[in-house]
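Let me begin by presenting the structure, written as C-alpha cells, before commenting on it.
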Amino acid sequence: MKFLKNLLSPPNPTGKFYTFSVKCKRCGETIHGQVNVYNEPSMELDQKGKPYYTCRKVIMGNEHCFQQIEVLFKFDAGKRVLDREIIGGEFVEN
Ligand SMILES: [Zn+2]
C-alpha cells in the first residue's frame, strides 16, 4: 500500500513515532505500521475534561490479500499508549 511504504521509508526518530506490528487474521502476514504521535492523533476530552488523543488507521499487507486491518490507539497527553483495539487481525509484539 502506497501510503504505508511512504511512512516506512524514513528511519524512526525516537520518540516521534509509535511503531507497532499486526498479524493479518486472514493470511497471517505480519505488517508493521507506525503512528506519528505529534501529527496523527486527534485530541478528545474525557468525562472530566482531561485531554487524550486517538488515532485510527486502516492498514493492508503487501501480499495478495485484501483484508483490511483497522487499528485504534488511544494516547495520553504525554503520547503514551493507554489503550488499543484492532479489527481484522491481532497485535504482535515487536
Ligand atoms: Zn492478509
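The values are calculated or read from the model by the stated rules, or taken from the named source; none is laboratory data. Quick caveat, the model's predicted, so the values are computed rather than measured. Positions of Cβ are backbone-derived with ideal geometry, glycine not excepted, and every protein chain shown enters the neighbour counts. Just so you know, the surface numbers come from the protein's heavy atoms only, side chains and all, with ligands and any DNA or RNA stripped out. Shrake-Rupley method; radii C 1.70, N 1.55, O 1.52, S 1.80 Å.
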The stretch 28-52: number of residues that are surrounded by 14 or more Cβ atoms within 10 Å (Cβ to Cβ) and not in a strand (DSSP E or B): 4
Which members of the stretch 65-85 meet the condition of being open to solvent by 40 Å² or more (accessible area, probe 1.4 Å) and within 15 Å of Glu29 (Cα to Cα)? Phe66, Gln68, Glu70
What number of residues in the stretch 53-64 are open to solvent by 100 Å² or more (accessible area, probe 1.4 Å) and not in a strand (DSSP E or B)? 3
Going through the stretch 26-57 in order, the residues found to be without any contact (Cβ under 8 Å) to a residue 24 or more places away in the chain and among the aliphatic types (A, V, I, L, M) are Met43, Leu45
